[in-house]
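Below is one structure, written out as C-alpha cells; the observations come after it.
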Amino acid sequence: MNYKNLTIYGPFVQAITLEDLPDKGAIAMEAIVPIKNAGILVDEKGKVVECGIYSHLVDSYYASAPKIKSMHPQVVLPGFIDSHTHICFAGSRANDFEMRNSGKSYLDIAASGGGIWSSVQHVRNATEEQLVQNLNENIKNCISQGITCIEVKSGYGLSVVEEVKMLRAIKKAQENCPIKIVPTCLAAHLKPKDFDGSNAEYLTYIVNELLPIIKEENLSDRIDIFIEKSAFSPEEGLNYVLQAKNLGFKITVHADQFTPGGSRVAVEVGALSADHLEASGEEEIQVLATSETVATALPGASLGLGESFTPARKLLDAGACLAIASDWNPGSAPMGQLLTQASILATYEKLNAAEVFSGLCFRAAKALDIKNKGKLSAGFDADFQVYDVEDYREILYHQGSIRPTQVYSKGISLV
Ligand SMILES: [Zn+2]
C-alpha cells in the first residue's frame with residue numbers, strides 16, 4: 001500500500017460505522033456501538049481503509065506521512081442513500097395540495113387538471129436543459145442533507161420521446177455531480193391520457209419502443225411500475241416486469257400504496273425492492289419478510305397525503321429488510337427532507353436509531369443493488385457526513401432540524 005496517499009479524517013467524538021449490523025429484520029437498540037475518539041483512514045481512490053480509534057490510526061500510519069484532515073470533534077456516520085425519488089420534475093402541485101386539504105377527492109383533483117398528469121404537462125413543456133437545472137438544484141439540496149447517493153426516476157414523460165428526454169437529463173446531471181445518481185425508468189407510472197389503447201397495449205409499446213433505446217443509450221438498467229387500481233393491475237404489472245427482466249433490467253415496484261397487490265408481484269419476480277407498502281396487510285408483510293426484496297417505507301408520501309405510515313415495525317419484526325426513502329416528488333411528497341421524515345416515521349412506528357440509520361444507509365444500498373456504500377467499513381466508499389453533536393442519538397432526536405456540517409463523497413468534501 002502506498003501510505004503517502006492515505007488521509008486520516010478525525011478525530012471524531014463518535015463514529016457510527018453500521019458495521020456488523022444484520023441485513024434483515026429488527027435490530028436491538030444496543031447494536032450501535034460508537035467508536036469513541038474515532039478516525040477514518042481513506043485511500044487515494046476514496047475508499048475506507050479502516051475506521052478505528054484516531055490515535056491508533058495516527059500511530060500506525062502517520063510515520064508513513066499520510067495527510068491529516070483535522071475535524072472539529074463531532075459525530076460521523078455514513079452518508080444517507082435516498083433509494084426512491086422523483087426529483088427530475090418541473091412545476092408545482094401546490095394546487096393539488098390545497099384541494100386535497102380542502103377535502104377534494106383524487107378524481108376532483110384529476111378533473112381540475114391536477115395529479116400526475118399535471119406534472120407530465122410541466123415536464124413535456126420543459127427542455128432537457130431545464131430539467132437538468134431543476135435536478136441539479138434538488139441534488140444540491142439532498143447533498144446538504146447528508147445524502148451521498150440518490151435514485152432518480154423518470155415517469156413524467158410517458159411517451160418514448162419524453163421518457164428518453166427525462167433519462168438523458170438524469171444522465172447529464174450525473175456527469176457533473178459529485179455523488180452517485182441511480183436512474184430508473186418509470187414509464188409505467190400511468191397510462192397517459194393521450195395514448196390511444198389499453199393499459200396492456202401501452203406497456204407493450206414501452207417494451208417494444210422505449211426499453212431498447214434505454215439499453216442502447218445506456219440510460220438506465222432499472223425499471224419501475226406503479227401497481228395500483230388507478231394505474232396498472234398486478235397481472236398487467238407482472239407481464240411487463242417479466243418482459244423487462246428478460247431484457248436484463250433490474251426491477252423495483254411501487255407496491256401496496258392504497259391497495260395490496262404490488263408487493264406479491266415484486267417478490268414473485270425477485271424485485272430489488274417493493275416501495276410504499278402503506279396498505280400491506282399481515283400476508284403481504286410475511287411474503288416480503290421471507291424474501292430478499294427490500295421493503296421501502298416512504299414516510300414523505302404519508303405526510304404529503306395525510307395517509308397512514310408503512311407498517312415498518314411489523315415488517316422489521318417479521319424479518320424484512322426495511323429501507324427508508326423520501327419519495328420526493330411534486331405531488332404526494334413535496335417536502336424532500338429525508339431525515340425529518342425518517343425521524344417522524346421512527347416516532348410513529350417505534351424504530352430505534354440502529355433501525356433508522358440502517359434503513360437510510362446500507363439497507364437502502366441493497367435496494368439499489370449497491371454493495372460498497374452505506375457503511376464505514378474497509379473497502380466501502382468514504383461517503384460520510386458529520387454532525388456538530390457529541391452523541392449520535394441527537395441526530396434523530398432533533399427530527400431533521402439539524403443538518404450535517406460536513407458531507408464527503410469518496411473522501412472529497414462537498415459541504
Ligand atoms: Zn414514488
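Being under 24 Å from TRP117 (Cβ atoms) and touching a Cys at 6+ places or on another chain (Cβ under 7 Å) holds for only one residue in ILE227, ILE223, and it is ILE223.
Of all residues in the range 311-337, those satisfying the criterion of being under 20 Å from PHE80 (Cα atoms) and out of contact with any helix residue (DSSP H, G or I) (no Cβ under 7 Å at 6 or more places or on another chain) are ASN329, GLN337.
Among residues belonging to the range 181-224 that are in contact with a Lys or Arg (Cβ under 6 Å, 6 or more places away or on another chain) and polar (S, T, N, Q), point out the one that is nearest to ARG124 (Cα to Cα). So, considering only residues that are in contact with a Lys or Arg (Cβ under 6 Å, 6 or more places away or on another chain) and polar (S, T, N, Q), the one nearest to ARG124 (Cα to Cα) is THR184. If you check ALA301, ALA289 for being among the hydrophobic types (A, V, I, L, M, F, W, C), modelled with pLDDT of 95 or more and closer than 17 Å to PHE226 by Cβ, only one passes: ALA301. Of note, GLY113 does not satisfy the criterion of being within 23 Å of the chain's Cα centre (by Cα) and surrounded by fewer than 21 Cβ atoms within 10 Å (Cβ to Cβ).
Quick check: is even one residue across the range 229-241 basic (Lys, Arg) and under 22 Å from the mean Cα position of the chain (by Cα)? For the range 229-241, residues basic (Lys, Arg) and under 22 Å from the mean Cα position of the chain (by Cα): absent.
Let's see how each residue does on (1) assigned by TED's automatic domain parsing to the domain that holds SER159; (2) of a type in the set (A, V, I, L, M, F, W, C):
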| site | (1), (2) |
| --- | --- |
| PRO34 | no, no |
| VAL42 | no, yes |
| LEU57 | no, yes |
| ALA63 | no, yes |
| HIS72 | no, no |
| GLY91 | yes, no |
| ASP96 | yes, no |
| VAL120 | yes, yes |
| GLU137 | yes, no |
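Note on the range 161-210: among residues that are polar (S, T, N, Q) and touching a residue at least 40 places away in the same chain (Cβ under 8 Å), the one that is nearest to VAL132 (Cα to Cα) is ASN176.
Going by what's in this entry, would PHE384 be described as in the same structural domain as TYR9 (by TED's automatic domain parsing), crowded, with 24+ Cβ neighbours inside 10 Å, in contact (Cβ under 8 Å) with a residue 24 or more places away in the chain and among the aromatic types (Phe, Trp, Tyr)? In short, yes.
Of the strands (runs of 3 or more DSSP E) contained entirely in the range 30-144, those carrying at least 3 residues that are in contact (Cβ under 8 Å) with a residue 12 or more places away in the chain and away from the ligand (no atom under 16 Å from the Cβ) fall at 35-42, 48-53, 67-70, 75-78. Candidates in the range 300-324 are the residues that are farther than 20 Å from LYS366 by Cβ and more than 16 Å from the ligand (Cβ to nearest atom); of these, the one that is surrounded by the most Cβ atoms within 10 Å (Cβ to Cβ) is SER308. When LYS193 is tested against (1) out of contact with any strand residue (DSSP E or B) (no Cβ under 9 Å at 6 or more places or on another chain); (2) within 16 Å of the ligand (Cβ to nearest atom); (3) of a type in the set (Lys, Arg), exactly one condition is not met: (2). Scanning the range 273-293 for residues that are farther than 18 Å from GLY359 by Cβ and within 16 Å of the ligand (Cβ to nearest atom) gives a single hit, ALA279. Residues in the range 221-242 that are part of a helix (DSSP H, G or I) and in contact with a Leu (Cβ under 8 Å, 6 or more places away or on another chain): GLU236, ASN239, TYR240.
Rundown of residues vs (1) touching a Gly at 6+ places or on another chain (Cβ under 6 Å); (2) farther than 21 Å from PHE195 by Cβ; (3) at pLDDT below 95, yes/no style:
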residue: ILE227; (1), (2), (3): yes, no, no
residue: ASP256; (1), (2), (3): yes, yes, no
residue: THR259; (1), (2), (3): no, yes, no
residue: ALA320; (1), (2), (3): no, yes, no
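Of all residues in the range 334-367, those being within 27 Å of ILE109 (Cα to Cα) and surrounded by fewer than 24 Cβ atoms within 10 Å (Cβ to Cβ) number 4.
The values are calculated or read from the model by the stated rules, or taken from the named source; none is laboratory data. Please read all numbers here as calculations on a predicted model, not as lab measurements. Here the Cβ is made from the backbone with ideal geometry for all residues, glycine too, and neighbour counts use every protein chain on show.
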